[in-house]
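Take a look at the structure set out below.
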Amino acid sequence: MHLTAQAQTKAKPNILVVTSELYPFAKVGGLADVVSALCSALRSFGHDVRIVMPRYAGIDLKQYDARISLEPMGVWMGNVEEWCSVYRASGEGGVPVYLIEHQLYFNREGLYHDTAMHDYDDNPRRFGFLSRAALQLCKDIGFKPAIVHAHDWQTALVPAYLKLWHWNDRLLGSAASVLTIHNVAYQGVYPKSHLPYLGLGWHNFTSDKFESYDRINFLKSGINYADCITTVSPNYAREITTPFGGFGLAPFLSARGSCFKGIINGIDYSVWNPQTDPLIAARFSADSLDGKKACKRQLQELFDIRPDENIALIGMIGRFVAQKGFELIARTIERIVQNMMVQFVILGSGEHHFESYFGDLPRRYSGRVGSFIGFDNKRAHVIEAGCDFYLMPSLFEPCGLTQMYSQRYGTIPIVRATGGLDDTVEQYNETTGEGTGFKFRDPTEDALYYTIGWAISTWYDRPHHIRSMVQKAMKQDFSWQHRAHEYESMYYQAVTRKKKWDENHRSYYW
Ligand code: ADP
């Protein structure tokens, strides 16, 4: 939908964004990067954007010059009043960020789970509280959002709270809600015993709202209550309306018709840009690639593998979960290392069996394989800049950011053609040398093995093709500008839908 001239000349609507992650404050995956970059772009268009997130233990208030904004703030849950403090800081692009401090809920290690990777049992309470607190905050600071944008299951109750609790508020009553699904596999499904605390009403505990197999499903609630829903790539939007890709929510997404749309993520060029990146050994661009050699050397030294610019180097970064294809890599990597002239660097953390397997590979393939188990932003930048290839054989991938970062840094992606990976990587054409990467479809060891073989042989035998692919990849437009405009269109659509919803429900309320 295109904005009408009238809509464009009107004052830009205020936007409240509620999220569980935000770069640089707290990051586990792509959600943090996406929310930060999108909000920064929206602010540059003239919207008054405010972000609300938890003040986790790992957030150093001094580092961000965070100042107390409200102390205390009372938040009514379904059966109890919670008390918290609110700090205000400044995010990327100067966007105001409100950090909700609640000792019991957020002053602990990890965002969603403990160090043993066990999800916290009180996650429904923690994130239900965050969602309620974000709306309460608007009332306490006098902020009137036209749109409230929630992200993923953690904040997916926000649309329900708006419609069930705040429909008659002066500040929140007219606010439309948008939910973005970054990964439909994570839905936030919890015992119904949490319902009284969450305050959503037993009469709403039905399968057309948020009940799912006698449990509460946060994401389902968002899908049913939000005025509009987005996900992070057009291909993934198609996939998750099929029984295989939707993890049980396909019919509910399909039922939302044109209110559901895939908008591809962009990348933040102020953070991921080889021309300005302070974390890499040398700066480079599509027109001047010399610095990339120094970055490859830096990477080989950092991961303690043989410093040799003439051997193809493949990198991987990611959460060690099955979704990312690490199982496939684990079953194939040794065959590749034994049969091909190639080096690997791996950065990740997550499931323990992957951590111990990939953590041990450098000992067994000394000089050929390097790995680092943990979360390390600098290493992530150095990998994107220093590798020749970036591997991402995900079983499914809503959008994926690292394959876009890699293209920006002239590192050719090797990906499985799924979700956003298929949308953002153009297949290599051996006849013309066109393309930006190598893609395969079958999630099998052989497909992975032979696709890597194809990429590596191209690197050694047809370097002129690799050079033109690097150029083309680096010149792709992954900027947030026009993506953020697509979100704006979705916001206007949500406002229109909300007005209709209000008209239809007025008789019910009065
Ligand atoms: P997802 O959101 O599913 O984790 P994305 O590709 O969308 O996957 O985003 C992952 C983001 O997290 C990227 O910015 C990537 O660099 C970062 N990341 C993932 N694992 C690590 C790690 N171990 N160390 C540093 N950064 C990481």
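The values are calculated or read from the model by the stated rules, or taken from the named source; none is laboratory data. Note that the structure is predicted; figures quoted are calculated from it, not measured. Cβ: placed from backbone, ideal geometry, glycine included. Neighbour counts: every protein chain shown. Remember, those area values only see protein heavy atoms, side chains included, never the ligands or the DNA or RNA. Shrake-Rupley method; radii C 1.70, N 1.55, O 1.52, S 1.80 Å.
For the reader, a short list of remarks on this structure follows.
- Gyration tensor verdict on the chain (Cα atoms; rounded if a/c is under 1.5, prolate if a/b is larger than b/c, oblate otherwise): prolate
- Fully extended contour minus Cα-Cα distance, from D442 to A282, at 0.36 nm per residue: 53.9 nm
- Order of exposure, largest accessible area first, which applies to K498, K324 with probe 1.4 Å: K324, K498
- With a Förster radius of 41 Å applied to the beta-carbon distance between H485 and K293, the computed FRET efficiency rounds to 0.60.
- Of all accessible heavy-atom area on segment 290-474, the percent that carbon and sulfur account for (1.4 Å): 49
- Protein accessible area in segment 79-133, 1.4 Å probe - carbon and sulfur %: 48
- Theoretical gain in end-to-end length, Q103 to K475 [0.36 nm per residue, Cα-Cα removed]: 129.3 nm
- Each of the GluC sites (Glu not before Pro) that DSSP puts in a loop and that has at most 13 other Cβ atoms within 10 Å breaks the chain; the longest unbroken stretch is 110-308.
- Per residue solvent-accessible surface (Å²) - the chain, probe of 1.4 Å: 39
- Charge sum, other residues only, whose C-beta stays under 10 Å from S394's C-beta, Lys/Arg counted +1 and Asp/Glu -1: +1
- Using the rule -39500 (n - 2.57) for each DSSP H run of four or more residues, divided by the residues of the chain, the 222 nm mean residue ellipticity is -11500 deg cm²/dmol.
- Taking a straight Cα-Cα cut-off under 24 Å and skipping sequence neighbours fewer than 8 places away in the same chain, the lysines within cross-link reach of K292 are K378, K439, K472, K475.
- Counted charge near G30, where neighbours are those whose Cβ lies closer than 12 Å (Asp, Glu -1; Lys, Arg +1): -2
- Separation of alpha-carbon centers, segment 457-510 and segment 311-344, rounded to whole Å: 30
- Summary of the geometry: segment 207-255 and segment 137-166, compared by the centres of their Cα atoms, lie 19 Å apart.
- Other residues whose C-beta falls under 9 angstrom from the C-beta of L421 contribute a net charge of -1, scoring Lys and Arg +1 and Asp and Glu -1.
- Amide hydrogen proximity for I414: with H placed 1.01 Å from N in the peptide plane, the residues at 5 or more positions away or on another chain lying under 5 Å are Y390, L391, M392, F438.
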